């Protein structure tokens with residue numbers, strides 16, 4: 001974009017914002033000379049990313065799911081693994097490879113699951129455990 005010095009003076013903030021947003025230099029004509037307002041590169045976009053702690057469990061659990069070719073099994077296990085949650089499933093392959101997977105309809109399922117967690121369950125896990133416990137389910141007559 002090319003402007004005169006008078007146009008720059010009248011719209012300097014708008015023009016500066018435009019240069020910052022688009023990244024394109026602004027050319028100013030002043031007494032036969034060309035001046036440029038050029039945004040300074042602040043490095044690569046990846047360098048400006050803010051680091052976020054979003055993985056609670058082991059990141060390796062999210063990558064190595066070569067034990068199954070089923071896309072949905074991979075997504076289900078990865079979803080549980082990233083939140084470090086237990087997974088109720090009847091699938092033998094998942095039971096064999098994901099250590100927090102379980103399938104037990106007995107009364108002791110809640111205790112077995114707590115032993116598998118290796119920590120004090122959070123409030124969300126406690127709610128989930130009470131939902132899994134068959135004795136807390138409403139009785140159907």
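Suppose R0 equals 41 Å. What FRET efficiency, 1/(1 + (r/R0)^6) with r the Cβ-Cβ distance, do residue 24 and residue 52 give to the nearest 0.05? It would help to have the intermediate numbers written out before the result.
Numbers: r = 31 Å, r/R0 = 0.76.
Working from the Cβ atoms, E equals 0.85.
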**Request:** Quick one: go through segment 11-46 and flag any residue whose amide nitrogen is under 14 Å from the point 7 Å out along the Cα-to-Cβ line of residue 5.
**Result:** 28-36
**Request:** Output the peptides 70-80, 4-14 sorted from most to least packed, where packing is the average of other Cβ atoms within 10 Å over each peptide's residues.
**Result:** 70-80, 4-14
**Prompt:** Given 0.36 nm per residue, what is the gain on full extension from residue 69 to residue 13 after removing their alpha carbon distance, in nm?
**Reply:** 14.6 nm
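Read the figures in this text as sums done on the coordinates, not as results from a lab. Not measured: the values here are computed from a predicted model. Glycine gets a Cβ as well: all are built from the backbone with ideal geometry, and neighbour counts include every protein chain shown.
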